[in-house]
Each structure stands twice: as C-alpha cells, then as structure tokens.
Amino acid sequence: MEFKYNTTFANLHIKPVVSEEKDKYLSLASMTNLKKFLPDIDTNKNIDLLPIAFDACVVNRVNKNGDVINAATAAEMVNNFINKPINIEHDRSRVVGCILTASFSKFGSNESLAELDVKTMKEPFYITLGGVMWKIINPQLANLIEESNDPSSENYMKVSASWELGFSDYDLVLLDNNNKNLEDAKFVTDEDEKDKLSKNLKAFGGTGKINNNTYIYRQVVGDVIPLGIGLTSNPAADVQGVAVKDEDKIAVIEFRPKEEESDSSNNSENNISQNTENTVNQEGVINRIIMKIENINQITDELLKQVTASSVTDFIQEELKKASEAFVAEKSEKDVAIKAAQEKYEALSTESEKVKEELEKLKAALAKLEEEKVAKAKEEAFNLRMASFDEEFDLSDEDRQILATDIKDLDEEAFAAYKKKMAVLMKDKNKAAKKAKMDMMEEDMKKAKASEVKEEVKASTSSEQSATEVVDEVLDNANVEKTSIPNSTTTAEVSLREKYSKAFGFEGFDIN
C-alpha cells in the first residue's frame, strides 16, 4: 500500500546529567516501570513467545528526524497500532512479532495516562506499546532483548524501538534554537507558505533551519496510519530500551545482611554477605543472590556480578518510593498553601469587584448630577436671557422663537455680542424708546387740548363782544382758516375745525 508520505520515528529518552553509573540505575527504574505494560501472556504454555513493552514515541515533541505528532493525532490513531507487525530495522520482510496493546504514559516516569486526559495535553507524553516476539523466528534477537534488560550486561539498553507512519499531509512547525516542545511552536498551515518553506525540511534534503535561530519541522496531519514497529540494536543515546519479564530461571535465595550499630554509610563490606560465590545449577544457569541493598555505596561492579537485577531494582524502587512520598508530602503542603492563597486572592478579588462596582455607581451618579447641574444652569441662563429681551423689547411670539433658537447654545461672550447686535436691529421695538416717544406725544396732546379748552373758555366768557361780532369774527376766522389750510392739513386739525363749527353753528344765533 502506498502513502503520499511516510516517516520513521525513533523513540526519545531524556538522559539525566549524572554519572554513567547512576544513569544506569535510573534507566533500570524506567525499564521497571515499563513492565506493567507487558501483555498478559502465559509464557509457560507459550514458551515460543516473548512479551515485550516499549515507548514508541514522544508526542508533542520533535524527534531527531525533524517530525512530530500532536496529542489529538496520537489519541485518534493509537489503537491502530494493535495487530501491526514488529520487524527488524524497518525491514518488512523480517517480521519477528506483533503489537497487541497500545497505551499512553507520562514522559519520563511512564505513569499511565487515560485517553481522555491526553487529547488536550500540550506537554510531551509517550505512546507506550506492548506486544510479543516470536522466539522461533529469531532466537538470537530474543536473547539479545532479554540480555538488554540486565544492567550488568554489556548489551544493557542496546535494543530500542522506532515506529513508521503513513500520512497524507503535514503542517510546518517553527521553533527557536534547540527547543523541541510543540507547546512553544509557531505553526504554518497556509499552503503557499508551506510550499515556500518546505524545501528547508530535513526530510526534503534541507538544513532543518530557516535562519540561524529558527528551526523548521514537519507535523504529521491528515490521514495518519501506523505501519509498524522496527527493533534496532543501535545504541543511540536517546533510546530507552525494550522491557521483558524477569528471567524465570534465576534461583531466588533470600539473604539479609547482619545489622550493624555503625552508620549505614560505613564500609559496604559490613553490610553484605561474606558467602557471595555464584553457583551453577544442572542446567548451567547461574544462581544469583537476591539481597536487600540498604545504601547506594553497596552497589559495585563486583556486587552486580553476584546479585540479581531485582536486588538493585528493589533498592531503586524503595528509594524512588521514599522520594515520591517526600515529594507528595511537600507538594501537598504547597498545594494547601496555594489553595489558601488562591482563596484569599478570590476573596480579595470579589471584594475588589464589589468596591469597583460601587465606585462605578458613584461615578455614574456624580456624572448624572453634574449633567443635571449643567442643564439646570443652562436653562436658568436661557430663561434670564429671554427675560432680558422681553424686558427690553416689545416682542411677538415669532420674535421669541427666533431669539430662543439663536441664543440657546451661546456662551456668555457670544451672547453679549448677540445682544448688542439685536439692540441695533430691534431699536424700533425698544420698550424704553417707545415709552419715551409715547410720553412725548401724550404731553403734546395734553398741551393742545389745554390750549383748545382755554380758547373755548375765553370765547364763552367774553362780555365786551356782541354776538354778531363774535359770529362775524368766527366766520372771518373760519374763512381765513379755510383759505389758509394747506394740502397737508392733518386729521386732528380738520377734526378740531369740525368741532368748532358744530360748537358755533349759525343756527344758534339770531342775526339782524
């Protein structure tokens, strides 16, 4: 079956910066943790099968070939490993076993992880597989794998696993310097950009870089299918090994050292048996001693030749257990402190939110009061301005409407200028000027009336003129006035004439 792309992923192992001897025992502890992923096979009835377990890859972390898968892809495809072949060096014509189980475990510790937990994980974790080797197919490889589980062997950890995938597409991953974790990456998914940068991939013959500080990798996406596992004897530093069951042929002899009053850090010879010679049974298998190691100083090259691996692993497991318990206790104490701090923070945050809410309410109330104050002041100023116009000028409703529109948004300076202009334009409507004019007209009318009355009184009380003379004088005056009245005679003067004519009509006089 052909795939658009395929790649081989070597599994990764974090190598602690410690001495080679100590690193060997840490690796042993890791191998021990892997044993719980061994398939449940009755090897007494199936002596031709060798159950094995191994970490196939590290998810969310770029491998040495420049390829990586994320958690979502791992969760989707993990069960497709089951029933796939195990071969030698990815040579599909040299199949030596089959994969039976697929799981997830924590990076570095191999603690089991549930599938639901890993789907959204950003940090690295393992895909851990279990399967069987067919001893009858390649007994030499089976023996090598068993020997690679013995820390005293020169072949310890010299068999590792790598996997092969088929996939339909990929995205590009950019990381700075030597960072390998996907959680810190920048992703390139645009097809044009991918085409432009893909030439830099190691898989396509590139340098694996796009500049001095930025590395480029390939993230497998699309239709991803596991094609199998390859076993290799390549003793690279980043391999973790393949775990098998403990040997059934090793004789078990319980031995505990004599207790000493001195400190456990004293010479290790005081804490081990003097009778440590190896014995060989009838089948030629060395019977090694199982003893309780109480101090790391007891572990020497000579001791490792005499005791079983379980003696060392028991010691390491016990030390790891103590360290784990101490860590859990310390973590629990810190968790309690963190929880208390979090609760206090949440309480302060809640209180702060309440204070903030109250402050916002006060600000809103003050803003509203300020708006009302400004509006009221504006209204009062408007009313005073309109009142000043009403007081100074005789206004109609139309005048008031125009003035109100003009002055409603004016400031003090603009209003003063406007009022000055209106004083000129509406001088005819100025109440004071109109009143003065009316008063002057009224005064003139009073003077005219007083003069008229005075003449009437004078005419009616004159005893020295005869009626005829009076009539003649009146007539003469009337004629004179008639002839002297200009074209511009006012209505008031005509009316006065009519008044006098009626007052002094000829019907009231007897003329001889």
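Values computed for the structure shown
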| quantity | calculated |
| --- | --- |
| Selection from the stretch 122-158 of residues that are surrounded by 21 or more Cβ atoms within 10 Å (Cβ to Cβ) and farther than 26 Å from ASN46 by Cα | PRO124, PHE125, TYR126, ILE127 |
| Total residues in the stretch 32-47, condition without any contact (Cβ under 8 Å) to a residue 40 or more places away in the chain and within 18 Å of SER148 (Cβ to Cβ) | 0 |
| Breaking point among (1) outside any loop (DSSP other than H, G, I, E, B); (2) more than 40 Å from the chain's Cα centre (by Cα); (3) polar (S, T, N, Q), for ASN80 | (2) |
| Residue match in the stretch 406-420 (condition: among the basic types (Lys, Arg) and at pLDDT 85 or above) | yes |
| Selection count, the stretch 56-81, where residues are in contact with a Gly (Cβ under 9 Å, 6 or more places away or on another chain) and closer than 28 Å to GLU147 by Cα | 1 |
| Positions within the stretch 19-44 being at pLDDT below 65 and farther than 19 Å from ILE127 by Cα, in sequence order | SER19, GLU20, GLU21, LYS22, ASP23, LYS24, TYR25, LEU26, LEU28 |
| Which numbered condition ASN430 misses (of (1) exposed (fewer than 14 other Cβ atoms within 10 Å of the Cβ); (2) over 30 Å from VAL374 (Cβ atoms)) | (1) |
| Unmet requirement for ALA114, which otherwise passes all of (1) among the aliphatic types (A, V, I, L, M); (2) crowded, with 19+ Cβ neighbours inside 10 Å; (3) free of Cβ contacts under 8 Å to residues at least 24 places away in the same chain | (2) |
| Residue within the stretch 186-196 that is polar (S, T, N, Q) and within 27 Å of the chain's Cα centre (by Cα) present | yes |
| Residue check for LEU175: farther than 25 Å from THR73 by Cβ, assigned by TED's automatic domain parsing to the domain that holds MET77 and of a type in the set (A, V, I, L, M) | no |
| Check on LYS106, within 28 Å of the chain's Cα centre (by Cα) and under 27 Å from LEU320 (Cβ atoms) | yes |
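For every residue, the table says whether it meets (1) within 40 Å of the chain's Cα centre (by Cα); (2) among the small types (Gly, Ala, Ser); (3) on the phi > 0 side of the Ramachandran plot; (4) modelled with pLDDT of 90 or more.
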position: LEU201; (1), (2), (3), (4): yes, no, no, yes
position: PHE204; (1), (2), (3), (4): yes, no, no, no
position: GLN219; (1), (2), (3), (4): yes, no, no, yes
position: ILE225; (1), (2), (3), (4): yes, no, no, yes
position: GLY228; (1), (2), (3), (4): no, yes, yes, yes
position: VAL239; (1), (2), (3), (4): yes, no, no, no
position: LYS245; (1), (2), (3), (4): no, no, no, no
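Let's see how each residue does on (1) without any contact (Cβ under 8 Å) to a residue 40 or more places away in the chain; (2) assigned to a strand (DSSP E or B); (3) among the aliphatic types (A, V, I, L, M):
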{"position": "ASP192", "(1), (2), (3)": "yes, no, no"}
{"position": "GLY206", "(1), (2), (3)": "yes, no, no"}
{"position": "ASN212", "(1), (2), (3)": "yes, no, no"}
{"position": "TYR215", "(1), (2), (3)": "no, yes, no"}
{"position": "VAL220", "(1), (2), (3)": "no, yes, yes"}
{"position": "ASP223", "(1), (2), (3)": "no, yes, no"}
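Residue by residue, here is whether (1) surrounded by 13 or more Cβ atoms within 10 Å (Cβ to Cβ); (2) outside any helix (DSSP H, G or I); (3) among the charged types (D, E, K, R) holds:
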{"position": "LEU362", "(1), (2), (3)": "no, no, no"}
{"position": "LYS368", "(1), (2), (3)": "no, no, yes"}
{"position": "GLU379", "(1), (2), (3)": "no, no, yes"}
{"position": "PHE382", "(1), (2), (3)": "yes, no, no"}
{"position": "ASP390", "(1), (2), (3)": "yes, no, yes"}
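The values are calculated or read from the model by the stated rules, or taken from the named source; none is laboratory data. As the structure is a prediction and not an experimental result, all values here were calculated from the model. All Cβ positions, glycine included, derive from the backbone under ideal geometry; neighbour counts span all protein chains shown.
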